[in-house]
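K.L.:
Here it is: the structure, laid out below.
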Amino acid sequence: MVTNTATSVVTIERFIIEQERKHPEATGALSGILYDLALASKMIANKVRLAGLADVLGARETSNVQGEIQQKLDVIANDIIVKALDHGGRLCAMASEEEEGIIEIPDRFDRGSYVLLFDPLDGSSNIDVNIPVGTIFSVLRRVTPEGGVGTVADMLQPGYRQVAAGYVIYGSSTMLVYTTGQGAHGFTLDPAIGEYLLSHPNIRIPEHGRYLSVNEAYEQHWTPTVAALIQRYRGMDGQREAMNVRYVGSLVADFHRNLLGGGLFAYPANTKSPTGKLRLLYECNPLAFICEQAGGAAIDGRQRILDVAPTALHQRSPYFVGSKADVAIASALLAGG
Ligand code: AHG
Ligand code: MN
Ligand code: MN
């Protein structure tokens, strides 16, 4: 007997179109933004793959190309995203972790109803040692009048207003995971055909997790409450089973593992970094949106991340994200301290 074990092949383009069909009022603008981001991420993946060869290639290439290859990869990734998204007529401004102010849409292009915020290359200090890095993005609908330039006011909205968010992990395979508020879905890049194919539909994060991702080198700078919390996760106070510590140091890689396998990523405030390290708009909000859509949770220690009203583009936030039951422990302990 021949059994058909093959699953349907669905490209990201087809998937985005099908999702949009569920909203007859949709203009297609958001779909276009997502598709442009998928394209940009394929170009970044290509650069990341050659990163280890940068010096070797640089010695062989013309000075022009050499200059480009030797540019910092996070600047290259930043420029790729800007160039892929600035002319589509769907955005009125962008903001990047790599740029001080907002990125305006040049006058020669139409301006649309959305803003894009992104971390072009997350974990970029790991690139020289061949450890996964990523791209994180967040899309908001503008609050300023249509047609004009986008402003910081369009960016400083709480995360629950995101209309889409996603990340790309440049790992042993390249994967893109995104949400538009209808579940979190993952696509794996098939490099032979240059297409993202649906590989992880409707991701669900386990209720409890095995993995704890935290940089324990900061232990001496933690407050007693944070120290007690980490001890609880590690089973050292005898109140629960110990979690395994896994810390890559690339947020996207740590988050992705915990999203699929269950667990908690924690970057608490400490006495040296009283607001933590991670950026609310480029890192915390988009991953919180995805995590909630997958059945998980994200808090800053006091409140739900997605409810925080931002006051500055590059503001940092303490961050606890992952399996719901594990985040609840942080919520209970930190609220008291
Ligand atoms: P980026 O490379 O975009 O600046 O982000 C680095 C971040 C994040 O990827 C990671 O979780 C964190 O820095 C690690 O910081 P520590 O080395 O302080 O643990
Ligand atoms: Mn980052
Ligand atoms: Mn970065």
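The values are calculated or read from the model by the stated rules, or taken from the named source; none is laboratory data. Everything numeric in this text was worked out from a predicted model, so none of it was measured. Note that we place each Cβ from the backbone using ideal geometry, even for glycine, and neighbour counts take in every protein chain shown. Note: areas computed on protein heavy atoms with side chains; ligands, DNA, RNA excluded. Shrake-Rupley method; radii C 1.70, N 1.55, O 1.52, S 1.80 Å.
K.L.:
Of T271, Y319, C284, whose Cα points farthest to the positive end of the dipole of region 211-335 (charges on the beta-carbon: +1 Lys, Arg; -1 Asp, Glu; origin at the Cα centre)?
P.N.:
The Cα lying farthest towards the positive end belongs to T271.
K.L.:
I've got another one for you. Rounded to the nearest 0.05, what FRET efficiency do A153 and N244 have when you use their Cβ-Cβ distance and R0 = 35 Å?
P.N.:
Working from the Cβ atoms, E equals 0.20.
K.L.:
Let me ask another. Where the only charges are on Cβ atoms (+1 Lys, Arg; -1 Asp, Glu), what is the dipole of the chain about its Cα centre, to the nearest 20 debye?
P.N.:
Taking the Cα centre of the chain as origin, the dipole is about 740 debye.
K.L.:
How large is the charge dipole for region 215-337, taken about the Cα centre, if only the Cβ atoms of Lys, Arg (+1) and Asp, Glu (-1) carry charge, to the nearest 20 debye?
P.N.:
Dipole size: approximately 100 debye.
K.L.:
While we're here: In region 232-337, which trypsin sites (Lys or Arg not before Pro) fall in coil by DSSP and have 15 or fewer other Cβ atoms within 10 Å?
P.N.:
Those that pass, being in a loop and sparsely packed, are R240, K272, R302.
K.L.:
Another one. Grab the Cα-Cα distance for H314 and T223, subtract it from 0.36 nm times how many residues apart they are, and report the gain in nm with one decimal.
P.N.:
Using 0.36 nm per residue and subtracting the Cα-Cα distance, I get 30.4 nm.
K.L.:
Give the accessible surface of the chain per residue, rounded to a whole number of Å², with probe radius 1.4 Å and ligands, DNA and RNA excluded.
P.N.:
On a per-residue basis, 46 Å².
K.L.:
Report the full-extension gain for the segment M236 to E216: residue separation times 0.36 nm, less the Cα-Cα distance, to one decimal in nm.
P.N.:
Answer, rounded to one decimal: 5.8 nm.
K.L.:
Same structure again: When the dipole is taken about the Cα centre of region 12-200, and only Lys, Arg (+1) and Asp, Glu (-1) are charged at their Cβ, what size is it in debye, to the nearest 20?
P.N.:
Once rounded to the nearest 20, the dipole reads 460 debye.
K.L.:
Here's another thing I want to ask about it. Taking the dipole about the Cα centre of the chain, with the C-beta of Lys and Arg at +1 and of Asp and Glu at -1, give me whichever of V177, Y196, V152 is farthest to the positive side.
P.N.:
The Cα lying farthest towards the positive end belongs to V177.
K.L.:
Would you mind pulling out the separation of the Cα centroids of region 109-125 and region 156-226, in Å?
P.N.:
17 Å
K.L.:
Also: Hey, what's the Cα Rg ratio for the chain versus the globular rule of thumb, 2.2 N^0.38 Å?
P.N.:
The value comes to 1.01.
K.L.:
Could you work out how far apart the two model spin labels at A332 and S125 are, taking each label as a point 7 Å from the Cα in the direction of the beta carbon, and quote it in nm?
P.N.:
For the pair A332/S125, the computed spacing is 3.4 nm.
K.L.:
Ok, one more. Computing the accessible area with a 1.4 Å probe over protein heavy atoms, can you report the carbon and sulfur percentage for the chain?
P.N.:
Accessible surface attributable to carbon and sulfur in the chain totals 50 percent.
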